[in-house]
Amino acid sequence: MDTTNPQAGDAPVIDLLQLYPRDMNIYGDWGNVLTLRKRLQLRGFEVRLHEYNPGDEFPDQVDLIVGGGGQDSGQNKIQTDLLALGGRLKELAGDGVPMLVICGLYQLYGNFFKTHTGDIIKGIGLLNVDTVAGPSRLIGNTVVESSEFGTVIGYENHSGQTFLKEGVQPLGTVTKGEGNNGQDGTEGARYRNVVASYLHGSLLPKNPAVADFLIRGAVLRRYGSFEDTPLEIPYETEARLTAAARPR
């Protein structure tokens, strides 16, 4: 399919879903949605943006899913709904739908989050990871080296310590910052077309390789082909270098 110069009204469509924007959307996570939408539009796609909050009807067509971070209170608000939705999300992930989940939703895509008070916030188990509240917050600019995406840059701010289990690979290795737990040098998690990370700030504007991975997966799954022409955005490299050079 030729998506380079669609005629007016004939642009191919990608359905982009933001999970729980009302309760799980802090530290600039909305910027991930804006980045995906803009990069898709620059490639000639029409983007239908859907929001899903507790009690909403889940859209029939979903090509790409993005979810952000939130406080413990936000996680508690969405937990029951997310558990009910878990089977659908697992099915979509298994079918190759690309997903980006940040911080709080990263934790709840896992098996559980154990809070400071010992309460267990159960996750959907899409990712085989466990999270426990740590003694202090892990905060600051972070740089990660990924075999898939090269240098990944972001900002972490979390007290949860996440440990990867069998079948899950890290997004990468921390070269600046604390990462998943401040102990094993890993950051984030990868499973099929799911990317999970603690990096806010937002993640995707500073990491076009990650954004284009998600876009490529969505387009290939829906249309069967993707013209992977690099976008000419002059300030991207400068922005990445500036972000990477910031002190911890």
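The values are calculated or read from the model by the stated rules, or taken from the named source; none is laboratory data. In this text, all values refer to a predicted model and were calculated from it rather than measured experimentally. Every residue, glycine as well, gets a Cβ built from its backbone with ideal geometry; the counts of neighbours run over all protein chains shown.
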Looking only at segment 115-131, how many residues end up being surrounded by fewer than 17 Cβ atoms within 10 Å (Cβ to Cβ) and assigned to a strand (DSSP E or B)? 2
Quick check on this structure: which one of 21, 54 is closer than 26 Å to residue 154 by Cβ and outside any helix (DSSP H, G or I)? 21
Pick out the one residue from 130, 81, 56 that is within 22 Å of residue 178 (Cα to Cα), among the charged types (D, E, K, R) and at pLDDT 95 or above. 130
Considering only residues that are among the charged types (D, E, K, R), surrounded by fewer than 19 Cβ atoms within 10 Å (Cβ to Cβ) and more than 17 Å from residue 64 (Cα to Cα), which ones fall in segment 204-239? 227, 228, 232, 236, 238
Search segment 49-61 for residues that are among the polar types (S, T, N, Q) and pair each with any residue that is in a loop (DSSP other than H, G, I, E, B) and surrounded by 14 or more Cβ atoms within 10 Å (Cβ to Cβ) when their beta-carbon atoms are under 8 Å apart and the residues are at least 6 apart or on different chains. 53/20; 53/21; 53/22; 53/23
Of all residues in segment 226-246 being among the acidic types (Asp, Glu) and part of a helix (DSSP H, G or I), the one that is nearest to residue 13 (Cα to Cα): 236
Restricting attention to segment 139-165, which residues are within 17 Å of the chain's Cα centre (by Cα), of a type in the set (Phe, Trp, Tyr) and farther than 14 Å from residue 209 by Cα? 155
Output the number of residues of segment 158-203 satisfying the condition of being surrounded by 20 or more Cβ atoms within 10 Å (Cβ to Cβ), more than 14 Å from residue 145 (Cα to Cα), at pLDDT 95 or above and among the polar types (S, T, N, Q). 4
Could you list, in sequence order, the residues of segment 166-212 that are within 12 Å of the chain's Cα centre (by Cα), in a strand (DSSP E or B) and over 13 Å from residue 99 (Cβ atoms)? 200
